[in-house]
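The values are calculated or read from the model by the stated rules, or taken from the named source; none is laboratory data. Everything numeric here is computed off the predicted structure, so don't read it as measured data. Glycine gets a Cβ as well: all are built from the backbone with ideal geometry, and neighbour counts include every protein chain shown.
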């Protein structure tokens with residue numbers, strides 16, 4: 001496996017190569033890169049790839065470091081352990 005084939009976003013199966021190529025082609029911010037590739041838009045909401053997507057966008061374009069980074073959204077609303085373990089018959 002080459003560096004370009006390394007999967008960054010497991011949920012959407014977006015590779016490092018796809019992210020770098022898209023960031024260079026469109027001079028993307030982190031948000032633009034996310035929208036163009038769907039990295040960070042999968043089930044986990046960017047919890048595993050958000051930092052990598054931010055880093056790739058920042059390193060491949062001429063943006064300054066104060067650029068707003070991506071946030072992540074929980075995939076569903078939180079519930080308590082009591083409700084999770086509640087079994088009704």
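Any residue at all in segment 15-32 that is modelled with pLDDT under 90 and surrounded by fewer than 17 Cβ atoms within 10 Å (Cβ to Cβ)? The answer is yes; a qualifying residue exists. Considering the conditions (1) within 21 Å of residue 1 (Cβ to Cβ); (2) touching a residue at least 12 places away in the same chain (Cβ under 8 Å), residue 32 is excluded by exactly one of them, (1).
I'm trying to understand the selection: among the residues of segment 7-29, which are within 17 Å of residue 44 (Cα to Cα) and touching a helix residue (DSSP H, G or I) at 6+ places or on another chain (Cβ under 7 Å)? Passing the criteria: 8, 14, 15. Pairing residues of segment 1-21 that are touching a residue at least 40 places away in the same chain (Cβ under 8 Å) and at negative phi with residues that are assigned to a loop (DSSP other than H, G, I, E, B) and surrounded by 15 or more Cβ atoms within 10 Å (Cβ to Cβ), at Cβ distances under 6 Å and at least 6 apart in sequence or on separate chains, gives 8/49; 9/39; 9/49. Could you tell me which residue of segment 56-89 is surrounded by the fewest Cβ atoms within 10 Å (Cβ to Cβ), considering only residues that are closer than 18 Å to residue 12 by Cα and at pLDDT 65 or above? Across segment 56-89, the extreme among qualifying residues is 71.
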